[in-house]
Amino acid sequence: MPLRTMFQSKSTHKNQEEIPFKHRRSNRIAKEIEELEYSFSLMLYGSFFGIPALPSFMAMELLPDTEEELNGMLEKSVLLEKKSKNKNPLMVEIGV
Amino acid sequence: MARIHIFLGKEGSGKTTCAAMDSMRFAMYDQMTLLNSMDRFRSLEEIFQVVSGKKDVKVLSNLVITETDLNQKNREQIARVNKNMRRAPHYLSSIESPSIYDLLQFAPGLEEHSTLLVIQEALSSQNYEEIVIDTLSPQLTMKALALPKVILHWLNMMISARTELIAKRNQLAELEDSVSSVVTDKVYERLLKMRDQYSALYSMLNDEELTEFILVINKDTMSLTEATSIKEGLESVGLSIGRIILNKCNPESAWADQVAKLFPEASIEIISTYGRPIEGIEQLSKYSQQIYNYIRA
């Protein structure tokens with residue numbers, strides 16, 4: 001099962017008490033995996049947007065095998081964008 | 001395995017001519033020698049005065065000269081990336097747009113990587129005993145020589161992050177009683193392969209028995225300043241200069257003593273001023289036997 005589907009399936013529980021211990025543990029590990037995938041992507045593709053990272057021509061060699069990491073990065077960027085818009089109405093105003 | 005001699009120095013210092021004389025000397029010692037020049041400004045055919053449309057020219061029975069076009073090497077690298085992208089999922093095919101590849105030729109580090117590939121190919125050559133490499137600008141070469149260390153730093157970090165990630169994925173699969181636990185990870189395997197490749201290259205560059213760095217210095221302050229900065233750059237990546245060639249210098253000059261003090265670790269050779277360019281196989285052969293060895297006081 002793809003990682004993100006597994007993670008989403010756990011979020012159907014209403015609150016923490018309803019979630020069995022085993023599933024709470026799974027949720028925590030899935031969250032950790034998500035963060036690790038994100039850090040790994042930054043090390044891999046950081047050079048494309050100015051963060052010191054592995055040279056871009058080498059990252060391109062790994063690109064076909066890193067579909068999941070790329071998806072994770074895109075999801076995270078959308079989420080961060082939403083968060084920043086909610087926090088700062090000025091950003092919405094100037095169209096960022 | 002071939003022994004590599006990498007020529008470094010300020011542009012216009014006479015690297016190509018010195019490399020040509022050095023390769024003549026190796027050939028005269030019956031060593032199967034290759035001279036590979038990346039210099040765009042001075043053609044080897046002009047120095048050896050041979051006319052041939054071929055890429056590799058056999059100027060002596062045991063001396064081959066060749067020129068490497070770094071732009072061509074860049075194009076080869078981009079073509080490899082393009083081929084690799086065919087394995088990518090379909091929706092990533094937008095990256096295959098030709099304009100992306102046009103832009104890739106300007107990607108930071110690509111030219112340095114091409115220079116490094118030339119050195120790597122030379123180190124794995126089985127056909128020659130001595131390979132003399134005439135480099136382009138010292139800045140580019142310094143970055144190329146630093147690349148294995150930089151790449152290894154990132155690869156080690158990424159391998160440890162990936163190891164942690166795989167362990168977590170397996171842990172989750174175990175908790176979920178999933179049969180599809182992560183046994184193999186393509187990215188991890190590829191990273192290990194890359195690390196092996198760059199570790200080998202790094203050790204070969206650091207092996208003084210295999211790789212010699214030769215600095216060409218003229219009798220002027222700018223050349224000496226550049227040489228000092230090359231020395232510092234090499235030392236910062238754990239490499240050192242094995243030999244210095246003082247080009248167009250009087251053997252009795254105080255200049256040689258000054259250079260000897262600044263570079264105590266390197267042996268020094270002196271090529272005198274002959275008042276005209278050294279060209280043609282005959283002259284190269286004659287003058288390569290008249291290189292003085294500087295004897296330290």
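Note on the range B:12-39: among residues that are part of a loop (DSSP other than H, G, I, E, B) and in contact with a strand residue (DSSP E or B) (Cβ under 9 Å, 6 or more places away or on another chain), the one that is modelled with the lowest pLDDT is B:39. In summary, residue B:9 fulfils each of the numbered conditions (1) at pLDDT 95 or above; (2) on the phi > 0 side of the Ramachandran plot with the single exception of condition (1). Across the range B:64-77, a minimum of one residue is classified as surrounded by 15 or more Cβ atoms within 10 Å (Cβ to Cβ) and in contact with a Lys or Arg (Cβ under 6 Å, 6 or more places away or on another chain).
Condition test on residue B:151, is it in contact (Cβ under 8 Å) with a residue 40 or more places away in the chain and away from chain A (no Cβ under 14 Å)? Steps first, please.
Numbers: in contact (Cβ under 8 Å) with a residue 40 or more places away in the chain: yes; away from chain A (no Cβ under 14 Å): no.
So residue B:151 does not fit the description; no.
For the criterion of being modelled with pLDDT under 90 and surrounded by fewer than 17 Cβ atoms within 10 Å (Cβ to Cβ), residue B:208 fails. Among helices (runs of 4 or more DSSP H) entirely within the range B:164-282, having at least 3 residues that are within 25 Å of the chain's Cα centre (by Cα) and of a type in the set (S, T, N, Q) singles out B:186-206, B:221-236.
Yes/no matrix, rows are residues, columns are (1) in contact with a strand residue (DSSP E or B) (Cβ under 8 Å, 6 or more places away or on another chain); (2) within 10 Å of chain A (Cβ to nearest Cβ); (3) surrounded by 13 or more Cβ atoms within 10 Å (Cβ to Cβ):
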residue	(1), (2), (3)
B:171	no, yes, yes
B:185	no, yes, yes
B:201	no, no, yes
B:214	yes, no, yes
B:255	yes, no, yes
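Are any residues in the range A:48-61 more than 16 Å from residue B:110 (Cβ to Cβ) and either within 7 Å of chain B (Cβ to nearest Cβ) or not in a loop (DSSP other than H, G, I, E, B) (or both), and if so, which ones?
Keep residues of the range A:48-61 that are more than 16 Å from residue B:110 (Cβ to Cβ), which gives A:49-52.
If the condition is that a residue be more than 16 Å from residue B:110 (Cβ to Cβ) and either within 7 Å of chain B (Cβ to nearest Cβ) or not in a loop (DSSP other than H, G, I, E, B) (or both), then A:49 is the only one that fits.
The values are calculated or read from the model by the stated rules, or taken from the named source; none is laboratory data. On a predicted model such as this, the values are computed, not experimentally measured, just so you know. Quick reminder, even Gly has a Cβ in these numbers, built from the backbone with ideal geometry, and neighbours come from all protein chains shown.
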